[in-house]
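Structure, as structure tokens:
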Amino acid sequence: MQLDILWQRLMKGAETCERCGDTGESVRRAAEALRAELAPRGIAVALTEKALPPFTPNILTESNRVFFNGVAMEELLGAQNGMSHCPSCCDLLGSHMNGQTDCRTVILDGREHEALPEELLVRAGRIAAERLK
């Protein structure tokens, strides 16, 4: 059995925004933690990182998203999506987004997360792993 993790984020050249950069560190640590936790149960963990170019349709709502076996982290955790101003994307995208510089957030338990924390990613991964049975 395998748990497939897909992390997609905005990339312009070799650069991404600070939120996505922070999420990248968290998703890599979460994948390692899940590998260690799930290996004894015979579940492999594969992480794929997908770069989204600036002109991807719905880039602001699709960037910085993580899927576990095709299911969004928010769905697994019962979280909501939000939006907030992202100065880092303003710098990265400049005028390409016609002044739209709000980026996706995740709201769970009354707290809004701009970058996705490792503990939420691990929790979502555990739920997805349980569904493999």
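The values are calculated or read from the model by the stated rules, or taken from the named source; none is laboratory data. Computed from a prediction, not measured in an experiment: that's the story for all the values here. Positions of Cβ are backbone-derived with ideal geometry, glycine not excepted, and every protein chain shown enters the neighbour counts.
Looking at the range 78-94, which of the residues that are aliphatic (A, V, I, L, M) and within 16 Å of the chain's Cα centre (by Cα) is modelled with the highest pLDDT?
At the first step, the residues of the range 78-94 found to be aliphatic (A, V, I, L, M) are 79, 83, 92-93.
So of that shortlist, the ones also within 16 Å of the chain's Cα centre (by Cα) come out as 79, 83.
Numbers: 79: 95, 83: 81.
The selected residue is 79.
For the range 17-34, enumerate the residues that are among the hydrophobic types (A, V, I, L, M, F, W, C) and modelled with pLDDT under 95.
The answer is 17, 20.
Tally up the residues in the range 105-133 that are touching a His at 6+ places or on another chain (Cβ under 6 Å) and free of Cβ contacts under 8 Å to residues at least 24 places away in the same chain, please.
Here the count works out to 0.
Determine whether residue 25 is loosely packed, with under 15 Cβ neighbours inside 10 Å and part of a helix (DSSP H, G or I).
On the way: loosely packed, with under 15 Cβ neighbours inside 10 Å: yes; part of a helix (DSSP H, G or I): yes.
In short, yes.
If only one of 37, 75 is at pLDDT 95 or above, touching a Lys or Arg at 6+ places or on another chain (Cβ under 9 Å) and of a type in the set (Asp, Glu), which one is it?
Values: 75 fails: touching a Lys or Arg at 6+ places or on another chain (Cβ under 9 Å).
Residue meeting the stated conditions: 37.
Restricting to the range 61-73, and then to whatever is in a helix (DSSP H, G or I) and in contact with a strand residue (DSSP E or B) (Cβ under 6 Å, 6 or more places away or on another chain), can you tell me which residue is farthest from residue 111 (Cα to Cα)?
Kept after step one, since they are in a helix (DSSP H, G or I), are these residues of the range 61-73: 61-62, 73.
Now narrow it down to the ones that are in contact with a strand residue (DSSP E or B) (Cβ under 6 Å, 6 or more places away or on another chain): 61, 73.
Working: 61: 18, 73: 15 Å.
Selected residue: 61.
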